[in-house]
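Here is the structure we will look at.
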Amino acid sequence: MADEPVIEKKGISGYGGGSVDTVLSVDDVARDAEKLASDRPLPERLDTLCKGEALLSIEGLVAGYGKMEIIHNLDLRVGSGQSLCLIGPNGAGKSTILHSIYGFTNIMDGVIRMKGQDITRLSTNEKLKSAGIAYILQDNSVFPDMTVEENLLMGGFLKDKQDEAMAAAEKVFEKYGRLRERRDQRAGVLSGGERRLLEISRALIMDPDILLVDEPSIGLEPRFIDMVFEILDDLQNNEGKTIIMVEQNAKKGLEFADLGYVLVSGQLAMAGPGDELLQNPEVGRLFLGG
Ligand SMILES: Nc1ncnc2c1ncn2[C@@H]1O[C@H](COP(=O)(O)OP(=O)(O)OP(=O)(O)O)[C@@H](O)[C@H]1O
Ligand SMILES: [Mg+2]
């Protein structure tokens, strides 16, 4: 790496996987990341990165909570079957982008399109049922006192016919033996990795085209982290799912994803192929732990 990483011994929590000695403070990362943003990627660049026509596109999104604006004029493009990982400092607005796509925020301006159709103002139920967008909730969204099978069927609550949900659940059980073996057990007994698998599988019941995944690796032991990325890889490469994820573990996220977007203070600072961003010294210093 050309630049010596800045060493700060503040003993406070920071970003990335480095030791305490090499970790930059959250404020340092935010300030340095601002500088990166002086060369913001233009929409044309995002079009080039996108494989073919965009399956999902965002133009000029301004969004937030109540009157508070968090996302400022954001553009995004992801092609069918592509994966995109959002990285950036805490509070940059990564989750808010996923929330906006799914319909949990106040959208003040801009357009979100799916297969060319304006879906900006659809309800979350319509997003899931009609537009084919599923949002995988963060940790602890399984119902511990319900069985694995009952939890899975919850994913089909919008299906008109219950037997369609049952058939989709059977497909999941065929694919994932770990869940099949425990289908009649309380979900509360599952390991962390199995619970994450159940959360992902539940989203598959509606057979979505796009999966929005917020921090799939959070709180998991390393062996389960690898398992979760293998599952996502399979869904992308064997089932043709398009994935937009947020990942605190920027290295894992960029290794996995075709595209990486760096978000800083609610704006896009950088965009590129995941492996290119992994090699970028500034990205390394700020987000990959030195
Ligand atoms: N439901 C909410 N109501 C009001 N403000 C919110 C809400 N959720 C998030 N925010 C604010 O929006 C900003 C962006 O938060 P967001 O969760 O999108 O960041 P993030 O990039 O996902 O951060 P992290 O890496 O910590 O998950 C923060 O200032 C946060 O306090
Ligand atoms: Mg977040």
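Given the criteria within 16 Å of ligand 1 (Cβ to nearest atom), part of a helix (DSSP H, G or I) and either surrounded by fewer than 22 Cβ atoms within 10 Å (Cβ to Cβ) or hydrophobic (A, V, I, L, M, F, W, C) (or both), does SER95 qualify? Spelling it out, SER95 is indeed within 16 Å of ligand 1 (Cβ to nearest atom), part of a helix (DSSP H, G or I) and either surrounded by fewer than 22 Cβ atoms within 10 Å (Cβ to Cβ) or hydrophobic (A, V, I, L, M, F, W, C) (or both). Tell me whether segment 121-143 contains one or more residues that are away from ligand 1 (no atom under 16 Å from the Cβ), among the acidic types (Asp, Glu) and modelled with pLDDT of 95 or more. Scanning segment 121-143, I find no residue that is away from ligand 1 (no atom under 16 Å from the Cβ), among the acidic types (Asp, Glu) and modelled with pLDDT of 95 or more, so the answer is no.
Of the residues making up segment 98-120, not one is among the aliphatic types (A, V, I, L, M), in a loop (DSSP other than H, G, I, E, B) and within 16 Å of ligand 1 (Cβ to nearest atom).
The residues in segment 243-269 that are surrounded by fewer than 24 Cβ atoms within 10 Å (Cβ to Cβ), under 28 Å from GLY64 (Cβ atoms) and away from ligand 1 (no atom under 16 Å from the Cβ) can be counted, and the count is 1.
Those helices (runs of 4 or more DSSP H) of segment 199-290 in which 3 or more residues are more than 27 Å from ASP47 (Cβ to Cβ) occupy 222-237. Among the residues of segment 97-109, is there at least one that is touching a Pro at 6+ places or on another chain (Cβ under 6 Å) and at pLDDT 95 or above? There is no residue in segment 97-109 that is touching a Pro at 6+ places or on another chain (Cβ under 6 Å) and at pLDDT 95 or above.
The values are calculated or read from the model by the stated rules, or taken from the named source; none is laboratory data. Because the structure is predicted, anything quoted here is derived from the model rather than measured. With ideal geometry, Cβ positions are generated from the backbone for all residues, glycine too; neighbour counts draw on all protein chains shown.
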